[in-house]
């Protein structure tokens, strides 16, 4: 019969990724053309709530647009916050105690439209989530136990040192002066 040992270690017990798409709108006076849209300063943090992972984050959106029949330009700056809830499956009733959230695809503006005095823009981001927890791994162990090393007491160590000193050949070193 085989002998088994258990090793307790941290491991990724569940992971997944999700693409999030958000459409927002902002009102401006007499916009004509969208010249560009950038998303910067993305920050986020994940927390566990039951079987769900709650991700709270924010990013800044900068929309460059022209107005007054393309005679003037301006940059609209807006900070967007988000609260995403993701359900993670847990494996074999093991509960994770650490959440790792990564941005797999930084927030990016994928569509911008003008409708009257309103600019509609769509932001896409992809987040990867890992749930880390303690897990037990069973390994087959050899039936033979490793031999025990002898531990010398302090007195025996001193005897060994003095025996080695007695064996030193004093004529080995020549006087070179």
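Nothing in this text is a laboratory measurement; each read-out follows from the coordinates by a stated rule. Predicted, not measured: the structure shown is a model, and the values here were computed from it. When we count neighbours, we look across all protein chains shown, and the Cβ atoms used for this are built from the backbone with ideal geometry, even at glycine.
List of remarks:
- Förster radius 35 Å - calculated FRET efficiency between residue 11 and residue 150, Cβ distance, rounded to 0.05: 0.35
- Between residue 73 and residue 141, the distance separating the two model label sites (each 7 Å from Cα on the Cα→Cβ line) works out to 7.1 nm.
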